[in-house]
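Here is the structure we will look at.
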Amino acid sequence: MIPYRIALYYAPGTDDPLHQRASAWLGRDAVSGAEIPQKAIAGVDIAEVTADARGYGFHATLKPPFRVGGDMQAALQAAQDFAARTAAFALPPLQITDLDGFLALREAEPCPALHALADGAVTALDSHRAPATEAEIARRKPEKLTPRQREYLEAWGYPYVFAEWRFHMTLTRRLTPDEKTIILPAVTDALGDAPAIARTVTDICIFAQAAPGAPFTILERLKLRG
């Protein structure tokens, strides 16, 4: 089956405690696609709070989801070629952060190699991206974007790339202050010390969406060999 959309993401390996704990928090394993019963949290509907993040799978975006224009195999080969010329690097410890109202894991210190990885992923695959439709552009609410974000949206199909990109692994939707007081300690406990474990980015993942609205799953894990 040809996917509706693909994306290039960073996702920890299946043997990494962070994959296991974050997947349990979100309620789905993006590797197997299996649903995972979520632990109830008094005062919030945790399934609703994590619904969007669950659909995309636990990840950090490098090349945002896009429809392939042309040959799917050529697009996948471009991702493989990009991984082959990219070197592995140490990832700083991660920490739970309030990112514009969303809770997400972010790097504890700057990591130029991480930003270079995202920049390279955007450019390496963009020639295989089908042009954004009017509906896709409208969904990004261009009237609320900065001039640079609108420029990126027009050129690259997504406003938050290059200078606007921020590494993040989403854990919730945007929360109210009251929800945050409940959910922040709960997710901190759920993830434990896994975010801060020393790890190396040794591979990146092609995620695929089978149909509009379908959840994303890992199609292929690509070793960094540069």
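None of the figures in this text is laboratory data; all of them are computed from the coordinates on show. Here the structure is a predicted model, which means the values were calculated and not measured. A quick note on method: Cβ atoms are made from the backbone with ideal geometry, for glycine too, and the neighbour counts reach across all protein chains shown.
Answer yes or no: is there a residue in the range 80-91 that is within 30 Å of T176 (Cα to Cα) and not β-branched (V, I, T). Break it down into steps so the answer makes sense when it comes.
Step one: list which residues in the range 80-91 are within 30 Å of T176 (Cα to Cα), which gives none.
No, there is no match, as no residue in the range 80-91 is within 30 Å of T176 (Cα to Cα) and not β-branched (V, I, T).
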Determine which member of the set A113, A83, A90 is outside any loop (DSSP other than H, G, I, E, B) and either surrounded by 19 or more Cβ atoms within 10 Å (Cβ to Cβ) or at positive phi (or both). A83
On the basis of being among the aliphatic types (A, V, I, L, M), within 30 Å of L76 (Cβ to Cβ) and under 18 Å from the mean Cα position of the chain (by Cα), does L191 make the cut? no
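Which one is nearest to Q149 (Cα to Cα), of the residues in the range 166-185 that are of a type outside the set (S, T, Y) and free of Cβ contacts under 8 Å to residues at least 40 places away in the same chain? Before the answer, list the steps.
Start the filter on the range 166-185 by keeping residues that are of a type outside the set (S, T, Y), which leaves 166-169, 171, 173-175, 177-180, 182-185.
From the residues that got through so far, the ones that are free of Cβ contacts under 8 Å to residues at least 40 places away in the same chain too are 177-178, 185.
Working: P177: 27, D178: 31, P185: 33 Å.
Residue satisfying both the conditions and the ranking: P177.
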Right, G70: part of a loop (DSSP other than H, G, I, E, B), under 21 Å from A186 (Cα atoms) and in contact (Cβ under 8 Å) with a residue 12 or more places away in the chain or not? no
Looking at this structure, is T188 within 21 Å of E48 (Cβ to Cβ), free of Cβ contacts under 8 Å to residues at least 60 places away in the same chain and among the hydroxyl-bearing types (S, T, Y)? no
Identify the single condition in (1) in contact (Cβ under 8 Å) with a residue 24 or more places away in the chain; (2) within 19 Å of A210 (Cβ to Cβ); (3) not in a strand (DSSP E or B) that I41 does not satisfy, given that it satisfies every other one. (2)
